[in-house]
1. If I filter segment 670-690 for residues that are more than 25 Å from residue 521 (Cα to Cα), among the small types (Gly, Ala, Ser) and either at pLDDT 80 or above or in contact with a Phe, Trp or Tyr (Cβ under 6 Å, 6 or more places away or on another chain) (or both), do I get at least one hit?
2. How many residues, within segment 553-575, are in contact with a helix residue (DSSP H, G or I) (Cβ under 8 Å, 6 or more places away or on another chain) and not in a loop (DSSP other than H, G, I, E, B)?
3. So, residue 451, is that one crowded, with 22+ Cβ neighbours inside 10 Å, part of a helix (DSSP H, G or I), polar (S, T, N, Q) and under 27 Å from the mean Cα position of the chain (by Cα) or not?
4. Of all residues in segment 721-749, which are modelled with pLDDT of 85 or more, within 14 Å of residue 703 (Cβ to Cβ) and either among the polar types (S, T, N, Q) or exposed (fewer than 14 other Cβ atoms within 10 Å of the Cβ) (or both)?
5. For segment 396-444, how many residues are closer than 30 Å to residue 492 by Cα, buried (at least 23 other Cβ atoms within 10 Å of the Cβ) and aromatic (Phe, Trp, Tyr)?
6. Can you find, within segment 497-530, the residue that is surrounded by the most Cβ atoms within 10 Å (Cβ to Cβ) among those that are part of a strand (DSSP E or B) and at pLDDT 95 or above?
7. Given (1) in contact (Cβ under 8 Å) with a residue 12 or more places away in the chain; (2) small (Gly, Ala, Ser); (3) surrounded by fewer than 21 Cβ atoms within 10 Å (Cβ to Cβ), where does residue 605 come up short, assuming only one miss?
8. When you check residue 453 against the structure, is it aliphatic (A, V, I, L, M) and at pLDDT 95 or above, yes or no?
Amino acid sequence: MKIPNLRIRGRSARRSGTAVRSGSNRVRIAPQKRKLLFAMLIAGVGFLLIIGKLFDVSIIKGKTWTQKAMSQWTRVTSLKAERGQILDRNGTVLASSYTTYQVCLNPQNIQESDRERIAYILSTYLEMDYDTVYAKITKTRKKYPNDPDNHERTLYSQIKLKDQVDKEVISKLNSMQLGSGVSYYSDVKRDYPESGYYAQLIGFTNIDGDGQTGVELTYNKYLAGENGYQKTDTDRDNNPVPGGEEEYVESVPGADVILTVDTGYQGILENALEEACVINNAKSVQGVLMDPRTGEILAIGTYPTFDSSNPPRSDAKTLLELSKNRIVTDTYEPGSTFKVVTLASALESGAVDMSTRFYCSGSLLVKGERIKCWKSGGHKDESLAEAVQNSCNPAFMGMALRMGVDTFYDYIFKFGFDEPTGSGVMGETSGTVTHKKYIRDADLARIGFGQSISCTGMQLMMAVDACINGGELLKPYIVSEIVDKQGNVLEKNERTVVRRVISPTTSAIIRSLLRGVVENGSGKNAQVPGYSVGGKTGTSQKYDENGNVSSSKLVASFIGFAPVDDPQFICLIIVDEPQVPQVYGSTVAAPFVQQVLAAALSYAGVAPDIESTAVAVPDVHGLTVSQAKQVLEHAGLEPIYLDAELDSTVSNQAPAANTRVVRGSTVMLYSTGYSFFSELNEDVSTVKVPNVIGLDRIDALDALKKAGLIMDYDRQNCAGEAVYQDITEEYEVPVGTVVHVTFEVKNSD
């Protein structure tokens, strides 16, 4: 039986609170139930939002809010750790810390009527601006951080006023009855007792005591220690809560860093670097003294330098330049000093032996490219020993070509080029060794005498050391050990052999050949009375801003060691852009290596190993070159000078007056002559002659000097202005050409 559809009408259906179907089968929800569902939906969304906010506050940002709450409940005072010392090998303190104080203001504890008095006292004794101090005393902030309208403000509870205040100043402030409005906290300040030395090596710290350069930065994690703290419960105004909890965590002092350097050797080296820079009017001079048996760096530095206790922080660019330890940061073409590496490689590989002979015509033709020797007329027939003494470019080109690129490159890499030495000195870089697939025969020939390859001074030092110490490439090191305050050794460095490169037999041959360079060749200025010395000179080219070879910007260097049979010291000095009449490693750098070796051997008490006649260099300052020549020759010394300057006055000399040298050594005389002669004749280019007509003698001399030319003139008639020059303006001539200039005093109306 079918049940007919019923339609419920009227109030009875609405009162029932049930859904009813319309004619289209849709369910209609009663208004009360719709309101209830809507309310439940709103409540659900709100509940979810609350849950999300709670999750954000407690989980996602929980740590942050906890820290903020803790910062309002507690006051944390940092306890600065005492920074470790830096010492030399003998225990001489090179860097240490001493207690200073931090002065803080507590503005909430300063009465309004007392603000001016306290500001005046603090600004006077702390040497600060009065207005700055007063502004800090009266500085306010929001009383409640969440106050959007910033209605209520309060004085700061504490503000740091000044760091690193000496104890004496604090004592004076304590006597001024400043009350609780001023607080003092202990701090530490860095001190450099030997601040005249070691600037680039040790570096310095910032005002917070963190290392910024040098050993201070490289070994900061050891030196810094661990800061402690004192935590005190406070009220909402950051005032201590009576009976509140306090937590105290003691700081852990930093470890001491003991270096391999010796302050005695450092003084010897840095004095020589300064003298070399001043006398040669150089851009910079860099040097290193090392124990060739162990790889320990005994002294290292660069001049110009700065005072570690007072670095020029106001000029960031200058400070950055002065902070570089250029013996490890700067790369250059080593020039003839690299010939030691070529020689060792050729001997060890069998490409040459002691019976090998060479012929130098003044140049060598390599696959259609003619490469000149530094001596234009050539050295003619010469033995291997003579080729080394003569520093003959074609001979070393021949050695490189005999080995071939594969063999020669194997030795170049074995000697440590193209990779940092790992010395521990900050900022160390590696030079450039062009991939051998790009090397032509002409490039290989140039590498043989130290061009077309670049390195740092430290890389060259270690390579030459391997050649003379018995054949082992050593890892240089500057840090001996790191020791904490309990005496525990945290790090220790010792003699480390990277690899054997050549045999002891080959090494002995090289020492003998390099001794010949000093006794009979270009290294005579490195002779030390009573000691056998070996070494090698070098002069290399630089490039201008356009990448072209510069005719006047050169680098002169010398590397020497002594005594020859049992080397105790090896020293390298590099003179960058010397501005003197003649640029040779033998005259620009060798005298200063001699100075370092002589003083170091004496300081160490090394017994003399040879007999030689020593003479004291006469003081020829103020004499004419002609007069100085006679005095030096009479003393058994050989003067080096310009023929065009015989009547000029000697303004400087190297070695310095009273230096004891071996009889027969050379003495460089500096006067008014200006030119750029070097052992790089194959690279000397031409320059345009400047116009000096109308200039006085000084300006004309300066203009020709800048062009790399010599000015010749009548010393008896050189007043007035230039009226004639024998080589006209813009005419191209070789660097070093003599230009004759005539001067005349013009009559005035």
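The values are calculated or read from the model by the stated rules, or taken from the named source; none is laboratory data. Not measured: the values here are computed from a predicted model. In this analysis, Cβ positions are derived from the backbone assuming ideal geometry, glycine residues included, and neighbour counts consider all displayed protein chains.
1. We begin by selecting, within segment 670-690, every residue more than 25 Å from residue 521 (Cα to Cα); these are 671-674, 685-690.
In the following step, the residues that additionally are among the small types (Gly, Ala, Ser) were identified as 671, 673, 685.
From what's left, either at pLDDT 80 or above or in contact with a Phe, Trp or Tyr (Cβ under 6 Å, 6 or more places away or on another chain) (or both): none.
No: zero hits.
2. Residues flagged as in contact with a helix residue (DSSP H, G or I) (Cβ under 8 Å, 6 or more places away or on another chain) and not in a loop (DSSP other than H, G, I, E, B) within segment 553-575 amount to 15.
3. The answer is no for residue 451.
4. The one that is modelled with pLDDT of 85 or more, within 14 Å of residue 703 (Cβ to Cβ) and either among the polar types (S, T, N, Q) or exposed (fewer than 14 other Cβ atoms within 10 Å of the Cβ) (or both): 725.
5. Number of matching residues: 2.
6. 498
7. All conditions pass for residue 605, except number (1).
8. Against the criterion (aliphatic (A, V, I, L, M) and at pLDDT 95 or above), residue 453 does not qualify.
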